[in-house]
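To keep things clear, I will list the structure first and then write my remarks on it.
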Amino acid sequence: AAASMMAGHPNETRPDGLRNLPFSIYMGGKDAAFKRNDIAAQWKTMLDDLAAKDPGGYPHQVTIYPENGHWMDRKDAVAVPWMATHTRNTRPARIVWLQDDVTEPRFYWLMNPAPKAGQRVVARRDGQVITIEEAQGVDELHIMLDDGMMDLDQPVKVVMGNATLFEGKAARTAATISRTLADRGDVGSVSSPAKPWPNCPPTSPPVRCSTVTWRQRPRVAAPGPPTTLPRCGSPWRTACPPTCWPGD
């Protein structure tokens, strides 16, 4: 999978989220309406910089034809075979997720139940470990796992900085598969595990098990799941349901 833009520009959007989506721009150098040519050149610089700082990420191609205006004499048709050389990756090793003014609750193997413009999450996976590198403005995050990502027969660990947010096994359940399939109707992005987390207070209310979940420590008590655990030594709180809803 890949994306391409011909004779247009992305307006105020930033390219951070394109780390795992090959992206190309084709533009006429004389296409000055709405500053299309200038913005295409700016995006080339931004994508070049992002790719240089993040090896393996931001595959891109920006081509500006100086002799052309808005009509490029079909030179931009080369985008089609370029896109065809790329294969979709639904489980990339590293994710950079920046919420635009049009928000989304799901991005690859991450879910954000309360997306807001400007939120930024950077996460990576390495073997059995998920590392949250950055989570700006995010109160709660869900990690969707499956056997294509790691060995779910073995413990999974989620860390952020020096804090361990979760460590244990995440069980595969039919209910989670069903929910994540219904979410997009995409069998290639289905998640399977759901697991009650260990060391939960016996008074914790049940939470629907679907993914590894946590919430940032609120300033005041927040009602409802996931449970905010007191005094766990981290500004993050791991959601620890002692039971799952029927069917999970």
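Here are a few things to note about the model shown:
- Among residues of segment 9-29 that are touching a residue at least 12 places away in the same chain (Cβ under 8 Å) and under 19 Å from Pro81 (Cα atoms), those with a Cβ under 6 angstrom from a residue that is in a loop (DSSP other than H, G, I, E, B) and open to solvent by less than 10 Å² (accessible area, probe 1.4 Å), sequence gap 6+ or separate chain, pair up as Asn20/Pro92.
- Enumeration of residues in segment 147-164 that are outside any strand (DSSP E or B) and more than 15 Å from the chain's Cα centre (by Cα): Asp147, Gly148, Met150, Asp151, Leu152, Asp153, Gln154, Pro155, Gly161, Asn162
- Candidate set: segment 132-147, residues that are free of Cβ contacts under 8 Å to residues at least 60 places away in the same chain and under 14 Å from Ala170 (Cα atoms); chosen: the one surrounded by the most Cβ atoms within 10 Å (Cβ to Cβ): Asp146
- Filter result (within 26 Å of the chain's Cα centre (by Cα) and among the hydrophobic types (A, V, I, L, M, F, W, C)) within segment 65-90: Ala79, Val80, Trp82, Met83, Ala84
- Residues satisfying the criterion are absent from segment 165-174 (criterion: polar (S, T, N, Q), under 14 Å from the mean Cα position of the chain (by Cα) and open to solvent by less than 40 Å² (accessible area, probe 1.4 Å)).
The values are calculated or read from the model by the stated rules, or taken from the named source; none is laboratory data. Bear in mind the structure is a predicted one, so any value in this text is a computation, not a measurement. Here the Cβ is made from the backbone with ideal geometry for all residues, glycine too, and neighbour counts use every protein chain on show. With ligands, DNA and RNA removed, areas are computed over all heavy atoms of the protein, side chains included. Shrake-Rupley method; radii C 1.70, N 1.55, O 1.52, S 1.80 Å.
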